[in-house]
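Each reported figure results from applying straightforward, stated rules to the coordinates on display, with no laboratory input. As the structure is a computational prediction, the values presented were derived from the model and not from experiment. For neighbour counting, all protein chains shown are included, and Cβ atoms are generated from backbone atoms with ideal geometry for every residue, glycine included.
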């Protein structure tokens, strides 16, 4: 057999395409003749080399360049990342990273403090004006005990007490009337909304005239 | 990534540093509790108020004259409301004050001939619960229970007067 026919026979042999006679002949040659075996193996190596070269020729040169460029980019990127990782981090970054786990509890505590401040702040409103209160007349009678029948004993001089807190202004928050009885004919509860807030007004109708109110009682 | 070994990292290895957040948070909890207690202390003290000081202002509303005097500036916003549009001028007749203890009743006899009784029924948080009775001679004009913010004003008015109508402004402060 010439080399070309031997290569073809080997291909056919490994593909199981040889007739029995030729297959047995090749097997006998491979087992009995060492030189022939080496020759066949050399031919086989040559065949593989030729096949690979043929496959390589099918790949365009540009493809290799693209692959190599990609490899280079990957290597450069890894090098940059490694360099950045190895470089010194600023002090503030380190401090920030150190306290990073503390943000959540600190924020929670700040929220609690803010809620407490709002709760306390809503307790009592501050007066909005600063007009002093003065007394226009002298005092009438006073009495400490409330359950005694009228007439009552005179009160102490209340002008002093009125003037002590004259610089404070009322909070003007609406009153919640829980129970009310009018001794006269009618009465009504109304409210006044002003810049100072809401003020409740109890109107007493102790005359014959009729008060026009939607909330007349 | 390289890790520089500092004195701190040698003293406190990484498993220990991971405990900083819970340790710090747990140390802040009692601090926040104490701070909150201190902040809430005034409100708590206010909630325990067992007395009140009440001012009673008698205001005469007239259909003649002009304006609101300075001494009624604290009621100017209310007196300018449409409900008082029928009145041209106002005058502060008198002001009295009553010191009330919880459950006790105080009474003020006004020069207008009216008597106002006030009883402090309750004082919780910043609110006061009061019982007010306004009478003219033997006749009770109004008898009411109301709750109001400390330093809030309740107006009772429309009582006949030779020169117009009389209004009473009641302002109480807890504590």
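In terms of other Cβ atoms within 10 Å, B:96, B:117, A:100, B:101 run from fewest to most in the order A:100, B:101, B:117, B:96. The mean number of partner chain beta-carbon atoms within 10 angstrom of a residue's beta-carbon across peptide A:62-74 is 0.
When the Cα convex hull of the range A:48-107 is projected onto planes of every orientation, the mean area is 8.4 nm².
Work out, step by step, the length gained on full extension between residue A:53 and residue A:8: first 0.36 nm times the residue separation, then minus their alpha carbon distance; give nm to one decimal. Display every interim value, and only then the final one.
Working: separation 45, 0.36 × 45 = 16.20 nm, distance 1.81 nm.
Going from the current span to full extension adds 14.4 nm.
Mean separation of Cα pairs under 8 Å and 6 or more residues apart, divided by the residue count, gives the range B:74-175 a relative contact order of 15 percent.
For the listed peptides A:190-196, A:57-63, a ranking on the average number of other beta carbons within 10 Å per residue, highest first, reads A:190-196, A:57-63.
As a rough footprinting exposure proxy, the listed residues B:140, B:59, A:71 were ranked by other beta carbons within 10 Å of their own, and the order from fewest upward is A:71, B:140, B:59.
Inter-chain Cβ neighbour count for B:77-86, averaged per residue, equals 4 (cutoff 10 Å, partner chain atoms only). In this simple spin-label approximation, residue A:92 and residue A:198 carry label points 7 Å from Cα along the Cα→Cβ vector, and these lie 5.0 nm apart. When A:11, B:57, B:114 are arranged by Cβ crowding within 10 Å, least crowded first, meaning fewest neighbours, the order is A:11, B:114, B:57. Counting only DSSP beta bridges with both residues in the range B:51-174, the antiparallel share comes to about 95 percent. Residue-normalised convex hull volume from the C-alpha trace of the range B:87-175: 97 Å³ per residue.
Given a Förster radius of 56 Å and the C-beta distance between residue A:118 and residue B:89 as r, what FRET efficiency does 1/(1 + (r/R0)^6) yield to the nearest 0.05? Approximately 0.85, to the nearest 0.05.
Per-residue mean of foreign Cβ neighbours for B:100-111 is 5 (Cβ atoms of other chains, 10 Å radius).
Here each label is just a point 7 Å from Cα along the line to Cβ, and for residue A:85 and residue A:69 those points are 2.8 nm apart.
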